[in-house]
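First comes the structure, then the notes that go with it.
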Amino acid sequence: MKTKSYEIDMCNGPLTGKLLKFTVPLMLSGILQLLFNAADIVVVGHFAGHQALAAVGSTGSLINLLVNVFIGLSIGTNVLVANYTGAHQEKAVSETVHTSILLSLLCGTFLIFFGIILAKPLLSLMGTPDDVISQATLYMQIYFVGMPATMLYNFGAAVLRATGDTQRPLYFLFAAGIINVVLNLIFVICFHMGVAGVATATVISQCVSALLVLRCLLHETGCFKLYLNKLHIHKDKLVQMIRIGLPAGMQGAIFSISNVLIQSSINSFGSVAMAGSTASSNLEGFVYTSMNAFYQACLSFTSQNLGANKKERINKILITCEILVFFVGLIMGNVAYFFGDRLLHIYSSDPEVIRFGLMRMQVICTVYFLCGMMDVLVGSLRGLNYSIIPMIVSIVGVCGLRILWIFTIFQWHRSLFILYLSYPVTWLGTAVAHLICFIIIRKKLDERKHYELGN
């Protein structure tokens, strides 16, 4: 049964404490999700060799490319549910919940076939080395069998986040994470299944987390309760979800295109460099997901306050989130780099793999807070129901500049250091552009409010 203790009143009272109450469970949830992949990488790195490690790691950007458009639609769910909750429109909340859950299952089913068919051709286009591609293909094909569960969990968790409930998704992921780690060890060490084993363990754990979220929604009370016999696509809610979520998903997919190009460039340095980058990237993920919690908080808090017509709190939400994400990113990123040698040993004992990993961490982790601050601005803009503007700015500022960097500066001086430098340069430039957009949009909202009051 739903209890009020899981909800957060986002529209009244001090912000900092409530933001931390929202973000801390979300940080831990994100970290647990990453542990799914970390467990895969650690197990194959130690028990199946660096080629298996490279195979699992090389699929990350491609998987994100294929699923980000659909994950983006769950952002539309988050914004809509939060807006309607703030406005106390219970019927609209219920319709959004039922539309979202059915949509998640349809998207997941489509992705099973899409991912399995396109796995090998796309890995080949990325220039995946011959000694890696067969294992990478197998990992991807098994991974995509679990897509309906992945989609169901993401859409269901988006509904809960919109109410401020970030605690129960944490509990669900904790249970699934333990199952994932145990099955990884059994499948790889006991049954010698290699990448097939870690992929199978991940799929099973995703099914567990999805079933727990589904059970949670079925036992809800009020407008958030899910009725299986009422699953239906409400056209008006679907259109709004697409309007808000599709640009976010497209942005994520295009981000992934630039990351695929970067991964292809990393691939050209060989499987050892790929393994080092994979291990470093996985460590960076723990910092990123902690910062991303503030993006989610800014999105949900801004959406609810917009729905409740409390626009005066929106600036405070943004400023508080920016301060918090700056300190979290600065501290966690630099601590990760300081202990980088030891942390990378978790993934591999090969000195060359560790050297390549430290090279990447030096460039990215030390200034990772820039990425967090950029994302928080995007969360504020999307919470204000502006999704196309941050998509365009991000595509031009991050993706476009990275692609330009790869074909110009990187070609002029082909080194991993120069390649990785494209990340902080594009974060800074894009953050400034998002800030300018936010100032313009807030001014328009204020002018509209004055006009409404005057009439």
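The values are calculated or read from the model by the stated rules, or taken from the named source; none is laboratory data. What you see is a predicted model; the values in this text were computed from it and never measured. Here the Cβ positions follow ideal geometry from the backbone for every residue, glycine too, while neighbour counts run over all protein chains shown. Heads up: the accessible areas ignore ligands, DNA and RNA and are worked out on the full protein's heavy atoms, side chains in. Shrake-Rupley method; radii C 1.70, N 1.55, O 1.52, S 1.80 Å.
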When every protein chain stays in place and a 1.4 Å probe is rolled, M373, M361 sorted by accessible area with the largest first are M373, M361
Restricting to aspartates and glutamates and to Cα separations under 13 Å from K21, and discarding same-chain partners fewer than 8 apart, the set is E7, D9, D165
Simple SL model, points at 7 angstrom along Cα→Cβ for I331 and F269; separation in nm is 3.1
The pairs in K18/K237; K91/K225; K311/K443; K91/K230 lying past 19 Å Cα-Cα in this model are K18/K237
The stretch 113-158 accessible area per residue, 1.4 Å probe, protein heavy atoms, integer Å², reads 38
The correct ranking of W405, W412, W427 by accessible area at 1.4 Å, largest first, is W412, W405, W427
Largest-first ranking of E220, E312, E352 by accessible area, probe 1.4 Å, whole protein assembly kept, is E312, E352, E220
With all protein chains in place and a 1.4 Å probe, I441 shows an accessible area in Å² (nearest 10) of 10
In degrees, nearest 10, the alpha-carbon axis of helix 416-454 is tilted away from the dominant principal axis of the alpha carbons of the chain by 10
Of 120-126, 166-172, 154-160, 366-372, ordering from highest average Cβ density within 10 Å down gives 154-160, 366-372, 166-172, 120-126
With the 1.4 Å probe rolled over protein heavy atoms, the stretch 233-292 has an accessible area per residue in Å² of 30
Those trypsin sites (Lys or Arg not before Pro) from the stretch 355-455 that are DSSP loop and have at most 13 other Cβ neighbours within 10 Å turn out to be R414
Full extension between N315 and K230 adds, at 0.36 nm per residue less the Cα distance, a length in nm of 26.8 nm
Rounded to the nearest 10 Å², the accessible area of T85 using a 1.4 Å probe with every protein chain kept is 40
Summing -39500 (n - 2.57) over every DSSP H run of at least 4 in the chain, dividing by its residue total and rounding to the nearest 500, the 222 nm mean residue ellipticity is -28000 deg cm²/dmol
Mean accessible area per residue over the stretch 178-228 (1.4 angstrom probe, all protein chains present, square angstrom) is 43
Counting only protein heavy atoms and leaving out ligands, DNA and RNA, the solvent-accessible surface of Y139 at a 1.4 Å probe, in Å² to the nearest 10, equals 10
In the chain the accessible area split gives carbon plus sulfur, as whole percent at 1.4 Å, a share of 70
Honestly the stretch 14-120 on the Cα gyration tensor test (a ≥ b ≥ c root eigenvalues; a/c under 1.5 rounded, otherwise a/b vs b/c for prolate or oblate) is just oblate
The alpha-carbon center of the stretch 62-100 and that of the stretch 275-316 are separated, in whole Å, by 16
Residue separation between E7 and L445 times 0.36 nm, minus their alpha-carbon distance, gives in nm 154.9 nm
Honestly the stretch 319-416 on the Cα gyration tensor test (a ≥ b ≥ c root eigenvalues; a/c under 1.5 rounded, otherwise a/b vs b/c for prolate or oblate) is just oblate
Helix 351-364: inclination vs the chain longest Cα principal axis, degrees, rounded to 10, gives 30
Taking 0.36 nm per residue of separation between T408 and Q89 and subtracting their Cα-Cα distance, the length gained on full extension comes to 109.6 nm
